[in-house]
Amino acid sequence: MKKFILLLALGVIANAGFISDGMDAQKKGDHKKLIEIYDEACNKQNKASGCYNLAVVYHEGTGGVEKDYAKALSLYEKSCKMDFAMACGNLGYMHESGQGVDQNFTKAINYYEKACKDNEACTSLGLLYANGAGVKRDLKKAISLYTKSCEYGDMMGCNNLGYLYNKGEGVEKDFKKAKTYYEMACNGGIGMACDNLGYLYAFSQGVMQDYAQAAKHFERSCMLGYAKGCNDIAIMYAEAKGVKKDEKKAKEFFAKACDKGLGEACENAKILEKDSKK
């Protein structure tokens, strides 16, 4: 809840014949054929989406294809020059995170801005303004970008809007609006938003305190893969808040969160284990 996360779209879009062929090759595990299909679409047919999808293959490095950031970067650049917004967004991410290149927030911002003109990567751009990364911190700009993103259907933008209203950063604190945006994002599959929503109920922020509702949202957050949600629902089971006390479930959820790299959960698991032996 203390920070946002970057959402990187690396999906394959099924809107052309060669992409359908590529998806078939991927399902069959024929990655050599997959690369051939996208390479022909990119370099012989000069299709931006072909270059983008070939870049994704090298960026992810899955299915027996060796990860190659240099190739991914080159292909994203070619696709972005043809105004393929998702490629520009992924270029922005690579420059922001230093994948295959030196970290460069200025370049990241330029690519995000180009992508955002076509409604892609607006949340990522907003995040840089919200955190003052590479630019002067500008919460009003961040709010504008998150709003655009949320209205376009990027649920992480909705979550981030909810966070700003929750904390009163750049806007007047408004728990009702925070709840609305968190609900939108949670229903859209954003685990962080479900966890944030759970906190509203756990700490009676704009709603009556309701541990059962909090537990419900924490568990959904965990099921969506958000480590902190797993830690939070574990605490509820350990302390019998909104759910029946169940140390076994608490241990399972702490373990899930710990396995996802959340150190706090690893420590909580040790505390629970120690307490259970008393």
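Couple of notes before you dig in:
- Scanning region 170-183 for residues being open to solvent by 30 Å² or more (accessible area, probe 1.4 Å) and under 20 Å from the mean Cα position of the chain (by Cα) gives a total of 4.
- Exclusive hit being exposed (fewer than 15 other Cβ atoms within 10 Å of the Cβ) and part of a helix (DSSP H, G or I), set LYS256, LYS248: LYS248
- Enumeration of residues in region 216-232 that are of a type in the set (A, V, I, L, M), in a helix (DSSP H, G or I) and farther than 20 Å from GLY263 by Cβ: MET223
- For VAL243: the one exception among (1) crowded, with 22+ Cβ neighbours inside 10 Å; (2) farther than 20 Å from TYR182 by Cα: (1)
- Residue that is farthest from LYS245 (Cα to Cα), among those in region 200-209 that are in contact with a Lys or Arg (Cβ under 9 Å, 6 or more places away or on another chain) and open to solvent by 40 Å² or more (accessible area, probe 1.4 Å): GLY206
- Of everything in region 47-64 that is assigned to a loop (DSSP other than H, G, I, E, B) and touching a residue at least 12 places away in the same chain (Cβ under 8 Å), the residue that is surrounded by the fewest Cβ atoms within 10 Å (Cβ to Cβ) is GLY64.
- Answer from LYS167, LYS107 - the residue that is without any contact (Cβ under 8 Å) to a residue 40 or more places away in the chain, under 21 Å from ASN196 (Cα atoms), open to solvent by 50 Å² or more (accessible area, probe 1.4 Å) and not polar (S, T, N, Q): LYS167
- Condition met for LEU224 (open to solvent by 20 Å² or more (accessible area, probe 1.4 Å), under 18 Å from CYS186 (Cβ atoms) and of a type outside the set (Phe, Trp, Tyr)): yes
- Selected residue (criterion: most open to solvent (accessible area, probe 1.4 Å)) from residues of region 65-104 that are closer than 17 Å to ASP39 by Cα and assigned to a loop (DSSP other than H, G, I, E, B): GLU66
- Only residues that are in contact with a helix residue (DSSP H, G or I) (Cβ under 7 Å, 6 or more places away or on another chain) and open to solvent by 30 Å² or more (accessible area, probe 1.4 Å) were counted across region 110-128, and they come to 6.
- Selection within region 129-143 - without any contact (Cβ under 8 Å) to a residue 24 or more places away in the chain and touching a helix residue (DSSP H, G or I) at 6+ places or on another chain (Cβ under 8 Å): TYR129, ARG137, ASP138, LYS141
The values are calculated or read from the model by the stated rules, or taken from the named source; none is laboratory data. Values in this document were obtained by computation on a predicted structure and should not be read as measured data. A quick note on method: Cβ atoms are made from the backbone with ideal geometry, for glycine too, and the neighbour counts reach across all protein chains shown. Please note that ligands, DNA and RNA were not included when accessible areas were found on the heavy atoms of the full protein model with its side chains. Shrake-Rupley method; radii C 1.70, N 1.55, O 1.52, S 1.80 Å.
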